[in-house]
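The structure under discussion appears below in the form of structure tokens.
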Amino acid sequence: MTAARRTTEAGFSLVEALVALAIIGALAGALAGTLANHARMERALADRRTALLVAQSALARIEAGDRADTGSEGALTWHAAREPYDAGGTVGAGNSFGIALPLEQVRVDVEDAARHRLVTLRTVRIVS
């Protein structure tokens, strides 16, 4: 075997090593982007879960008789809106116990500090 032949067959060339390094770098970049996106999605999900708990808490406060229309829990702010609800007649219509009940629709919106609405809950309740 001649010396010229041995040098062309032995090991990787610089170009091959750079191509392999570029491929590894591209894969690492794609993996980092995927992990960052996953972290953002997890944070958004946690924020919505917290906002849902705040909205449920606000509805419970309203049901307990609290007349406040706004409040805050940490960095989240909630706003409640109440309006009469027309059930289209009497509750239990067609039955011997059909009576008209005063109903109201309650809507609670929860926003973050940037005023992005995270959750809206609506319910109908009997006005006492």
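The values are calculated or read from the model by the stated rules, or taken from the named source; none is laboratory data. Just so it is clear, the model here is predicted, and its values are computed rather than measured. Don't worry about glycine lacking a Cβ; one is built from the backbone with ideal geometry, like all the others, and counts go over all protein chains shown.
Quick look at the numbers
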read-out	value
Odd one out for L121 among (1) within 17 Å of the chain's Cα centre (by Cα); (2) at pLDDT below 90	(2)
Residue within the stretch 29-52 that is outside any loop (DSSP other than H, G, I, E, B) and under 21 Å from Q105 (Cβ atoms) present	yes
Boolean, Q56 is touching a Pro at 6+ places or on another chain (Cβ under 8 Å), under 27 Å from V127 (Cα atoms), at pLDDT 90 or above and not hydrophobic (A, V, I, L, M, F, W, C)	no
Flag for G94 being touching a Ser or Thr at 6+ places or on another chain (Cβ under 9 Å), modelled with pLDDT under 95 and not in a helix (DSSP H, G or I)	no
Which listed residue is of a type in the set (A, V, I, L, M), in a loop (DSSP other than H, G, I, E, B) and under 28 Å from the mean Cα position of the chain (by Cα), from A60, A87, A68, A55	A68
Qualifying residue in the stretch 67-76 (condition: surrounded by 10 or more Cβ atoms within 10 Å (Cβ to Cβ), in contact with a helix residue (DSSP H, G or I) (Cβ under 6 Å, 6 or more places away or on another chain) and closer than 26 Å to E104 by Cβ)	yes
Conditions (1) on the phi < 0 side of the Ramachandran plot; (2) surrounded by fewer than 11 Cβ atoms within 10 Å (Cβ to Cβ); (3) in a loop (DSSP other than H, G, I, E, B): number failed by L21	(3)
Selection count, the stretch 35-73, where residues are without any contact (Cβ under 8 Å) to a residue 12 or more places away in the chain and of a type outside the set (V, I, T)	21
